[in-house]
Every structure is written in structure tokens, then in C-alpha cells.
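Values quoted throughout were computed directly from the atomic coordinates according to the rules given, and no laboratory measurement underlies them. Everything numeric here is computed off the predicted structure, so don't read it as measured data. Note that we place each Cβ from the backbone using ideal geometry, even for glycine, and neighbour counts take in every protein chain shown.
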């Protein structure tokens, strides 16, 4: 226990002096008319009475301690180690191809469900479920654009997905350069000093810059920066290519294939289990701690009130 105003503790000398005076004072001797009586010394009664009359001094001590502001440290808190996750989305023209059936929750008003619609809806659900983490959004085709840096404001990610549709992209974004985009994501995550770092790559095709060991080079670059890559290939027919598998395996992540919208949601659920939230203990702040002193004061006051019913010195 500590105190907000420790200088007030010097006033505890007052109840100590009051209690000492109660035990050493002689009082006012009184001659009683007992003829030939054999009276006891009253030694034990005097001790009991002095103890009762010491209670006000104890009550004063409790009052001084409460004025000094008792406090203690709160129990240690578990602080979540924030995951910094960049959603790296392919916005090349092929992401506008039909995916799933009409009438899904992610379908456009026209009723056409595309690969991008499915990826967008699953991304929203993933971000909203993992509250407490920071998410960034990077789009890529032939080049990449960091649309939103990692932020805990999930509404920014959800709102941005409506503006990055493949149909809105310029012609020079039509290709697929995955390694180039991953280098950009790694550089963006390297600027974040704390927390775990990961990239969720969403694409539907092979990359043009995986040749000549490009996949291994970018995988090693990401692994050295302690960045995991979870890759999702949105394609109902193929399995993840060797380049995507290599990058995910070398960085400690995993590659998935989503053959339909339902599978895509299961893939994100699996990623959520793999990228677990971690916690660390942090020292808590000081908090007021009046409870024990309040209970002690109430108990002393109640006991003194009972003692006044009979266990006290008479005024005469």
C-alpha cells in the first residue's frame, strides 16, 4: 500500500499521544461511602475501560490514513500484442470474372458475383472479427499501391473496398506482379516497430515476376523481416502455384485454394486460427484503496458505540 499524500502521515502522532495519555492519566479519585467493605482493586475493569477509551484514538488514526489517500497497484493487465496485417489484393482484370452463384451476399446490384466481390466480403468479415489488430490495404496489378497503411480503424478498410474494384483501375494495372507487391508490403510493415506482422495475399493467377528464383528471393526477404504470408488463390480449378507455395512455406504461412465463396470464408477462418493473438503482461497504474480502512473505521465506531452503553468512566 502507498499514499497520495504521505506527508499527512505525520499527523499519526496525535492518536498515539491521545492513546498514551489515556493509559497514564490518573483521572479524578472519588471517595465512595463503603463502610467496612471489601472491594476489589478493579485492575481488570480499568484495563477494559482504558481499551474502550482508546478506540477514539484508533478512529482518529484511521481518519488520518484515509486523508493521506491510500492506494495500491491494480492487478497486472494482459495487453494484446497487436497483429499488423496487410491485405494484399489482386485488382487485375481477371478478378472481375464470375465466381459463385447469383444472389450471394457479396453480389453487386446487377446480380453478378465476381472473384473480387467474394474476396471483398470475406476480407470485411475477417477484419471485423479480429478487432484489436491493425489492418492495411494494398492493391496490386502490374504495380502496387498502398491504399491504406496499417490502422486499427477497421471502418477504413471496409469502406475502401468499394473503391478499388478492378473495373476502376487504369490499364497499366492489368498485369499480375506478386513479388513486386510483396516487396512493397514488407517495406511498409518494416516501418512498424512493434507487434506481429503478416500479409494476406489474395490473387487469382500466376505472377510474371516469379521467374529466375524471384519467388525465393522475395520469400527470403519476407522471412528475414519475420513477416508471414498467407496466400489465397481464388480459382475453382487450379491449386496454388509453386511460387505461391514457396513464399508461404518459407515465411511460416500457408497457401490455400478457394474454389467457391463458401470455401473462401473457411480459408479466412483457418488463417484466423493460425495467426493467433498473443498477450503480454503490463504493470497497472495505481488505484485508490479505501475499502479496508473504511471497514476498519466502521467497525471501530460501532464497537465504541457499544462501549458507551456501560464500559466507560462515569463523569462524576
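Here the extension length gained between residue 260 and residue 311 equals 9.7 nm, from 0.36 nm per residue of separation less the Cα-Cα distance.
Ordered by the count of other Cβ atoms within 10 Å of each Cβ, fewest first, 273, 124 give 273, 124.
Of the residues 289, 230, the one with the fewest other Cβ atoms within 10 Å heads the list, and the complete ranking is 289, 230. Here each label is just a point 7 Å from Cα along the line to Cβ, and for residue 97 and residue 225 those points are 3.0 nm apart.
The label-point distance for residue 7 and residue 217, in a model that sets each label 7 Å from Cα toward Cβ, rounds to 6.9 nm. Taking 0.36 nm per residue of separation and subtracting the Cα-Cα distance, full extension of the segment from residue 128 to residue 294 would add 55.3 nm. Between residue 16 and residue 302, what is 0.36 nm times their sequence separation minus the Cα-Cα distance? Round to one decimal in nm. Separation in residues times 0.36 nm, less the Cα-Cα distance, equals 100.9 nm.
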